[in-house]
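See structure below.
Every number here is computed from the coordinates shown, using simple stated rules; none is lab data. Computed from a predicted model, the values in this text were never measured in an experiment. Glycine gets a Cβ as well: all are built from the backbone with ideal geometry, and neighbour counts include every protein chain shown.
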Amino acid sequence: MAQNRIRQLLINHPIIPVVKIESIDQVIPYINHLRSKNINCIEITLRTKCAIDAIKKAKKHFGDQFAVGVGTVINETQINAVINANVDFIVLPGVFPELREPLEQSNIPFLPGVMTASEIMHGASFGWNTFKLFPANLVGGINGIKTFSKVFPEIKFCPTGGINKGNYLEFLAEESVISIGGSWLIEES
């Protein structure tokens, strides 16, 4: 099952830089910058017109040496587009029942987003056990994660939103946190 494979990907990449690509010319410099920091993964968000082309360029130039994921996936049309772009993983801002089947049929590891206990329960009812916790800073940060982990001990989280250079190690130290996502690594380039 593709969703089960997301845990291994996140274990291998405990820091996921979340990047909004404004120009196709940013792709290679951004990835080279990340590789210089021994980070071999990126989540390119679908918030710009060039995002799919940026993913294709990253895959073409870095192939299997670098994990290229896509974030802010919100519909089936986007899922089909990113399958064709050969992404390594898919990140969604929420749990949307209509996307369950296309995600699972894609055979691409995916990370659905949650913010509430109800959303975690809904995703868990599909057999999913690994979620993006977004925005982590609005659900209580470390304390929110600790609370969720008591209620849902089998669930692992990749928190994003409010994660930065000053606090990412504190998040990674939590047992229920498998990985973290953030934009600070590109912002400092």
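Remarks
- Relative to the 2.2 N^0.38 Å rule of thumb, the range 55-119 has a C-alpha radius of gyration ratio of 1.15.
- Only beta bridges with both residues in the range 17-165 are counted; by DSSP, about 0 percent of them are antiparallel.
- Contact order normalised by residue count of the range 115-189, Cα under 8 Å, 6+ apart, percent: 29 percent
- Over all Cα atoms in the range 2-187, the spread is summed up by Rg and Dmax: 15.3, 45 Å.
- Along each principal axis, Cα extent of the range 101-187, largest first, Å: 38, 30, 20
- Counted by neighbouring Cβ atoms within 10 Å, the residues ASP64, ASP88 run from fewest to most as ASP64, ASP88.
- Relative contact order computed over the chain (Cα-Cα under 8 Å; 6+ residues apart), in percent: 23 percent
- Legend: distances between Cα atoms for LYS37/LYS150; LYS20/LYS150; LYS37/LYS165; LYS37/LYS59; LYS20/LYS59; pairs beyond 22 Å are LYS37/LYS150; LYS20/LYS150.
- Residue order, fewest to most surrounding Cβ atoms within 10 angstrom, among ARG47, ARG7: ARG47, ARG7
- Theoretical ellipticity at 222 nm over the chain - DSSP helices of four or more residues, -39500 (n - 2.57) apiece, nearest 500: -11500 deg cm²/dmol
- This ranking places MET115, MET121 by how few other beta-carbon atoms lie within 10 Å of each, fewest first, which gives MET121, MET115.
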